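**Q** Quick one: this structure, given as structure tokens, is what I'll be asking you about.
The values are calculated or read from the model by the stated rules, or taken from the named source; none is laboratory data. Keep in mind the model is a prediction, meaning the values are calculated, not measured. Because the Cβ atoms are built from the backbone with ideal geometry, glycine has one as well, and the counts that use them run over all protein chains shown.
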Amino acid sequence: MRHALGVILLFVLGSAWVTPASAATITFEDVAKGTDCGYIESQGFRFDNDTFERCEIWSVGSGNQYLLVDTLVNPAQFTMESVSGENFALLSFEHNGTPFSLTGFYAGGGTVLIDTPIAGDWLSFSLDSSWQNLQKVEFYSPGGISFAAALDNIVVSVVPIPAAVWLFGSALAGLGWMRRRQTA
């Protein structure tokens, strides 16, 4: 019983040093207006343009900047990934323009999918807990004659890998210590 309490104490103390997942809002304000995005990086995320004819950082007048994509090529897609390679959760985003599909690719395999409606004005989408532990998100045009959409205020939460590894390592060390004490 004492050994089990020791492992629990080690876990609790170890979790005190674990950095919580940090939420960030990607606003594209850190990218120069008019930047053509074969790919762009903003706030720790990379957006790769695979097939769009126009992909750039845009704003109307002196308003907030956003990511604007359009093409006559169908199907069309671009992807979003963490620059550091860490897994992340997609919590919400704002969208304006034609409908598109989002596919989230889980770190362990498998996918999650959502379709957006047409948005004549900015719509905000909040995503459920199934949009966690993602390696990549793909924005995909479902087809049709043309595709034009704007994205802004993409809220993500990055899962820090080093803290999870440290916590797992401390739990293994505690179990090893417990095993050694039992055999001695």
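**Q** Inspect all residues belonging to the stretch 75-89 and state whether any of them is among the hydroxyl-bearing types (Ser, Thr, Tyr), over 26 Å from SER129 (Cβ atoms), modelled with pLDDT of 70 or more and out of contact with any Lys or Arg (no Cβ under 6 Å at 6 or more places or on another chain).
**A** no
Let's see how each residue does on (1) assigned to a strand (DSSP E or B); (2) of a type in the set (Asp, Glu); (3) surrounded by 16 or more Cβ atoms within 10 Å (Cβ to Cβ); (4) modelled with pLDDT under 90:
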{"site": "GLN135", "(1), (2), (3), (4)": "yes, no, yes, no"}
{"site": "GLY143", "(1), (2), (3), (4)": "no, no, no, yes"}
{"site": "ALA163", "(1), (2), (3), (4)": "no, no, yes, yes"}
{"site": "ALA171", "(1), (2), (3), (4)": "no, no, no, yes"}
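**Q** Considering only the stretch 97-111, I want to know if a residue exists there that is in a strand (DSSP E or B), modelled with pLDDT under 90, of a type outside the set (S, T, N, Q) and over 18 Å from ARG46 (Cα atoms).
**A** If we filter the stretch 97-111 for residues that are in a strand (DSSP E or B), which is where we start, we get 97, 101-106, 111.
Checking the rest, the ones that are also modelled with pLDDT under 90 come to 97, 101.
Of the ones still in play, those that are also of a type outside the set (S, T, N, Q) are 97.
Subset that is over 18 Å from ARG46 (Cα atoms): 97.
Looking through the stretch 97-111, at least one residue is in a strand (DSSP E or B), modelled with pLDDT under 90, of a type outside the set (S, T, N, Q) and over 18 Å from ARG46 (Cα atoms).
**Q** Can we say SER92 is within 15 Å of the chain's Cα centre (by Cα), modelled with pLDDT of 90 or more and either over 23 Å from GLU29 (Cα atoms) or part of a loop (DSSP other than H, G, I, E, B) (or both)?
**A** Working: within 15 Å of the chain's Cα centre (by Cα): yes; modelled with pLDDT of 90 or more: yes; either over 23 Å from GLU29 (Cα atoms) or part of a loop (DSSP other than H, G, I, E, B) (or both): no.
Answer is no for this residue.
**Q** At pLDDT 50 or above, closer than 28 Å to GLY85 by Cβ, among the aliphatic types (A, V, I, L, M) and not in a loop (DSSP other than H, G, I, E, B): which single residue out of ALA32, ALA24 fits that description?
**A** Details: ALA32 fails: not in a loop (DSSP other than H, G, I, E, B).
Within the list ALA32, ALA24, the selection yields ALA24.
**Q** Under the condition of being surrounded by fewer than 14 Cβ atoms within 10 Å (Cβ to Cβ) and assigned to a strand (DSSP E or B), which residue from the stretch 112-121 is modelled with the lowest pLDDT?
**A** Step one: of the stretch 112-121, the residues surrounded by fewer than 14 Cβ atoms within 10 Å (Cβ to Cβ) are 113, 115, 117-118, 120-121.
Subsequent filtering for residues that are assigned to a strand (DSSP E or B) retains 113, 115, 120-121.
Details: LEU113: 95, ASP115: 90, GLY120: 77, ASP121: 84.
Of everything passing the filter in the stretch 112-121, GLY120 is modelled with the lowest pLDDT.
**Q** For the stretch 38-62, give me each residue that is at pLDDT below 75 and crowded, with 19+ Cβ neighbours inside 10 Å.
**A** From the stretch 38-62, those at pLDDT below 75 are 38, 50-55, 60-62; that's our starting set.
The answer is PHE52, CYS55.
**Q** Would you tally the residues in the stretch 93-121 being closer than 14 Å to LEU134 by Cα and small (Gly, Ala, Ser)?
**A** Residues that pass the stated criteria total 5.
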